[in-house]
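See below for the structure under consideration.
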Amino acid sequence: MSSLFVPTLKENPQEAEIASHSLMLRAGMIRQLSSGVYIFLPLGLRTLNKITKIVKEEMDRAGGQELLLPALHPGELWKETGRWEIYGPELIRLKDRRDRDFCLGPTHEEVITDLARREIRSYRQLPLLLYQIQTKFRDEIRPRFGVMRAREFIMKDLYSFDRDFEGLRVSYEKMYNAYCRVFSRCGLSYKIVLAESGVIGGEVSHEFLIPADSGEEKFLVCPACDFGTTQEEAKCPNCGDSLEEKRGIEVGHIFQLGTKYSESMKAYFVDKDGEEKPLIMGCYGIGIGRTMAAAIEACHDEKGIQWPLSISPYEVVIIPVNWRKAEQRKAAEEIYQELKKRDFEVVIDDREFSAGYKFSEADLIGFPLQVIVGEKMSQEGKIEIKIRQNNERWETKKEEVLTLLLKLKEELAPKV
RNA sequence: CGGGGCGUGGCGCAGCCUGGCAAGCGCACUCGCUUGGGGUGCGAGUGGUCGGCCGUUCAAAUCGGCUCGCCCCGACCA
């Protein structure tokens, strides 16, 4: 850890009001550049990349193909769908040197539909699921809570193209299930609710929420059945019970768009019967940075972050309590090498700080597994292992550390 | 956009109301010793155009005007 760039803060930063924002700053994961614009430091980026990896694996599993669309969009495309006006001041606009209109993409329906209309000719090319993980720009009225509502943020967006509504339903369901897997694999409990589709447009839409008091999204749930919705006027269609209002963080949103964009942008294909028809579309988003913040909202205590193992920046920290004791240093180093060999993501706290300092910082950063090499090593050859999540502690012989860690890792892995 | 708050070494704050004494405290940082199972202890140091501009005054961190930035609540939004 002596060479890692992890600038931690002892005190609560003045600008942070909610736990995740404060802890991301304090644990040295992010820094603010400007209102709603954040730097991801090495530790923060590791978690971001882990979530990204899970998302990609699940998108691929569901038949998605990754591509990369530009962030810089020609204004004409947005004028074509009318969203140049509709999107309002939230759309960041700019002009090139020849005075042509451009904008920074807040979402990519226009660009993907433009691609689709140029490349998709036949029903034989369908269904098609294309996705990207990319930076979006939205000039929010009020950015807040750190990366939770930022003006520049990383999002996974997938677009589905089908020949008919039955196909759309199949694609939608695939995504619905993929989203369940994504959030489960991130170690999060989530709630799926019926949602309004807003400026994106379309018919059916569901939101994936992480329940949290600090969440900005209000939703109604039925305590008896599993029904949930964001719509105020909803009448519990499943059973007669009255709905409870709760708050959550919207980490994912899936939409059945239908022909909204394919009609307005003339994205047609030729169906089996020889007729030209509009592509039936769906779009599906996951806020990557927001998922990270939501995970911290859901998993923290007064000491710091309690990362779910699957998205923690590192899995294990090894803390030699007294760096001056050669046998502790040596044992720590040996365990480190052994774990490295078995592909653990591990760091060793090789700094000459006091034990308390290192413990506090390990808890702040939230390493799920902590290997503590202390006096018992010197005297009895024993190592302590602590689970951050529940503060469970295990003592074992040095030779057994790897075996125990493999077992604990297995136990901590989310069941999907 | 309406309402509220903040801006003083890297971080967290005091000082401002009631102008003047040397711009202070804690943390961090550097050096020395000390300590090493829950942010060790002691000592000595480094570092600040008090967000910016204009004004009032013999004198401005402090009073007035303008401005920039940041945060919170609301409306709005994925």
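The values are calculated or read from the model by the stated rules, or taken from the named source; none is laboratory data. Because the structure is predicted, anything quoted here is derived from the model rather than measured. Glycine gets a Cβ as well: all are built from the backbone with ideal geometry, and neighbour counts include every protein chain shown. These accessible areas exclude ligands, DNA and RNA; they are computed on the full protein's heavy atoms, side chains included. Shrake-Rupley method; radii C 1.70, N 1.55, O 1.52, S 1.80 Å.
Structure values in brief
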item: Chain A, relative contact order [Cα under 8 Å, separation at least 6], %; result: 16
item: P(r) histogram, all alpha-carbon pairs of the range A:181-329 included - 5 Å bins from 0, percent; result: 2, 8, 13, 14, 13, 12, 10, 8, 7, 4, 3, 2, 2, 1, 1, 0, 0
item: Accessible surface, 1.4 Å probe, highest first, among residues A:TRP78, A:TRP84, A:TRP394; result: A:TRP394, A:TRP84, A:TRP78
item: Folded to 0 to 90 degrees: helix A:326-341 orientation relative to chain A principal axis, Cα; result: 30
item: Label-point gap, in nm, between A:ARG31 and A:GLU327 - each point 7 angstrom along Cα→Cβ; result: 4.2
item: Pairwise FRET efficiency - A:CYS180 versus A:GLU17, Cβ, R0 = 30 Å, nearest 0.05; result: 0.45
item: Candidate lysines - alpha carbon under 27 Å from A:LYS79, same-chain residues fewer than 8 apart omitted; result: A:LYS95, A:LYS136, A:LYS156, A:LYS260, A:LYS266, A:LYS277
item: Computed FRET value (nearest 0.05) for A:LEU402 with A:SER378, which takes r as the C-beta separation and R₀ as 22 Å; result: 0.60
item: Net lengthening on full extension, A:ILE92/A:LYS56 (0.36 nm per residue, minus Cα-Cα); result: 10.2 nm
item: Cβ crowding within 10 Å averaged over residues, with A:151-160, A:382-391, A:44-53 ranked highest first; result: A:151-160, A:44-53, A:382-391
item: Environment charge of A:GLU152, counting only residues whose C-beta is closer than 11 Å and scoring Lys/Arg +1, Asp/Glu -1; result: +1
item: Spherically averaged projected area of the range A:314-412 from its Cα convex hull (nm²); result: 5.5
item: Cα pair distances in the range A:19-301, grouped into 5 Å bins until the bin that holds the longest one, percent each; result: 1, 5, 12, 15, 18, 17, 14, 10, 5, 2, 1, 0, 0
item: Radius of gyration, Dmax [the range A:1-137; alpha carbons; angstrom]; result: 19.6, 60
item: Solution diffusion estimate, µm²/s, Stokes-Einstein, the range A:245-389, Kirkwood Rh from C-alpha pairs, 20 °C, viscosity 1.002 mPa s; result: 112
item: A:LEU115 paired with A:PHE102, simple spin-label distance in nm, labels 7 Å along Cα-to-beta-carbon; result: 1.8
item: For the range A:377-416: span of alpha carbons on each principal axis (Å, largest first); result: 42, 19, 7
item: Under 14 Å from the Cα of A:LYS50 - aspartates and glutamates, other chains or at least 8 residues apart; result: A:GLU58, A:GLU315, A:GLU345
item: Sorted peptide list for A:343-349, A:98-104, criterion being average Cβ within 10 angstrom, highest first; result: A:343-349, A:98-104
item: On Cα atoms only, tilt of A:288-298 relative to the major axis of chain A in degrees; result: 50
item: Gain on full stretching of the segment that runs from A:LEU72 to A:GLU173 - 0.36 nm per residue minus C-alpha separation; result: 33.3 nm
item: Non-local Lys pairs in the range A:314-412, i.e. 8 or more apart or on different chains, that have alpha carbons under 17 Å apart; result: 28
item: Highest-first arrangement of A:119-127, A:15-23, A:253-261, where packing means the average Cβ count within 10 Å; result: A:253-261, A:15-23, A:119-127
item: Probe 1.4 Å, protein heavy atoms only - accessible area per residue of chain A in square angstrom; result: 46
item: Helix-only CD estimate at 222 nm, as mean residue ellipticity for chain A, using -39500 (n - 2.57) per DSSP H run (n ≥ 4); result: -9500 deg cm²/dmol
